[in-house]
1. Going by accessible area, probe 1.4 Å, with all protein chains left in place, what is the ranking of Y29, Y48, Y53, Y35, largest first?
2. With θ taken as phi - 60° and the coefficients 6.51, -1.76 and 1.60, list the Karplus ³J(HN,Hα) couplings across region 16-27 in order, rounded to whole Hz; mark glycine and proline as x.
3. Using a Förster radius of 25 Å, what is the FRET efficiency between I64 and R33 based on their Cβ-Cβ separation? Nearest 0.05, please.
4. Hey, what do the phi angles of region 36-43 turn into as Karplus ³J(HN,Hα) couplings, whole Hz, using 6.51/-1.76/1.60 and θ = phi - 60°, x for Gly and Pro?
5. Once amide H atoms are built 1.01 Å from N in the peptide plane, which residues 5 or more positions from V38, or in another chain, come under 5 Å H to H?
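The values are calculated or read from the model by the stated rules, or taken from the named source; none is laboratory data. Please read all numbers here as calculations on a predicted model, not as lab measurements. No Cβ is skipped: glycine too gets one built from the backbone with ideal geometry, and neighbour counts run over all protein chains shown. With ligands, DNA and RNA removed, areas are computed over all heavy atoms of the protein, side chains included. Shrake-Rupley method; radii C 1.70, N 1.55, O 1.52, S 1.80 Å.
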Amino acid sequence: MSLYDNIENETVSREIRITDQDKVMCEEYGHPRVYIDVKSKGEGVCGYCNITYKHTDTVQSEQIRKIIKKV
(Lines give C-alpha, C1' and ligand atoms only; values in the text may rest on other atoms or scores of the structure.)
Protein backbone atom coordinates (compact mmCIF):
# COMPACT_ATOMS: atom_id res chain seq x y z
CA MET A 1 0.00 0.00 0.00
CA SER A 2 1.41 3.37 -0.98
CA LEU A 3 0.69 6.77 0.53
CA TYR A 4 -1.00 7.74 -2.75
CA ASP A 5 -3.76 5.18 -2.19
CA ASN A 6 -5.49 7.70 0.08
CA ILE A 7 -5.90 10.32 -2.65
CA GLU A 8 -9.37 10.00 -4.15
CA ASN A 9 -8.63 11.47 -7.57
CA GLU A 10 -5.29 9.65 -7.83
CA THR A 11 -3.59 12.81 -9.08
CA VAL A 12 0.07 13.12 -8.20
CA SER A 13 1.22 16.71 -8.34
CA ARG A 14 4.47 17.96 -9.86
CA GLU A 15 3.86 21.31 -8.25
CA ILE A 16 6.68 23.32 -6.67
CA ARG A 17 5.86 25.94 -4.07
CA ILE A 18 8.36 28.46 -2.80
CA THR A 19 8.13 29.53 0.82
CA ASP A 20 10.06 31.54 3.36
CA GLN A 21 8.73 29.38 6.19
CA ASP A 22 10.98 26.89 8.01
CA LYS A 23 8.12 24.36 8.21
CA VAL A 24 4.99 24.11 6.10
CA MET A 25 1.69 22.32 6.54
CA CYS A 26 0.27 20.32 3.65
CA GLU A 27 -3.23 18.87 3.45
CA GLU A 28 -3.97 19.17 -0.27
CA TYR A 29 -6.35 16.81 -2.10
CA GLY A 30 -7.95 15.77 1.18
CA HIS A 31 -4.99 13.81 2.53
CA PRO A 32 -4.11 13.92 6.23
CA ARG A 33 -2.33 17.03 7.46
CA VAL A 34 1.46 16.72 7.49
CA TYR A 35 4.17 19.14 8.53
CA ILE A 36 7.24 19.33 6.32
CA ASP A 37 10.64 20.68 7.37
CA VAL A 38 11.77 22.91 4.52
CA LYS A 39 14.64 24.88 6.05
CA SER A 40 17.06 22.10 7.01
CA LYS A 41 17.53 20.68 3.49
CA GLY A 42 16.28 23.66 1.50
CA GLU A 43 13.25 21.73 0.31
CA GLY A 44 10.75 19.11 1.37
CA VAL A 45 8.30 16.89 -0.47
CA CYS A 46 4.87 15.84 0.75
CA GLY A 47 4.69 12.06 0.89
CA TYR A 48 0.99 12.09 0.01
CA CYS A 49 0.59 14.50 -2.91
CA ASN A 50 4.22 14.96 -4.01
CA ILE A 51 4.11 18.76 -3.82
CA THR A 52 7.66 20.06 -3.43
CA TYR A 53 8.19 22.97 -1.06
CA LYS A 54 11.41 24.92 -1.68
CA HIS A 55 12.82 27.48 0.72
CA THR A 56 13.50 30.94 -0.74
CA ASP A 57 17.15 30.64 0.30
CA THR A 58 17.63 27.88 -2.31
CA VAL A 59 16.31 29.90 -5.26
CA GLN A 60 19.29 30.75 -7.46
CA SER A 61 17.60 32.77 -10.21
CA GLU A 62 17.83 36.48 -9.49
CA GLN A 63 14.69 37.13 -11.58
CA ILE A 64 12.66 34.67 -9.53
CA ARG A 65 14.02 36.13 -6.28
CA LYS A 66 12.75 39.59 -7.35
CA ILE A 67 9.30 38.18 -8.10
CA ILE A 68 9.16 36.41 -4.73
CA LYS A 69 10.02 39.61 -2.84
CA LYS A 70 7.16 41.49 -4.59
CA VAL A 71 4.54 39.03 -3.35
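1. Working: Y29 90, Y48 40, Y53 10, Y35 150 Å².
I get Y35, Y29, Y48, Y53, largest accessible area first.
2. 10, 10, 9, 9, 9, 7, 6, 10, 10, 9, 10, 8
3. Details: r = 28 Å, r/R0 = 1.13.
Given R0 = 25 Å and the Cβ-Cβ separation, E is 0.30.
4. Computed from phi, the couplings for region 36-43 are 10, 7, 9, 5, 4, 10, x, 7 Hz.
5. For V38, whose amide H was placed from the backbone, the distant partners under 5 Å are K23, V24.
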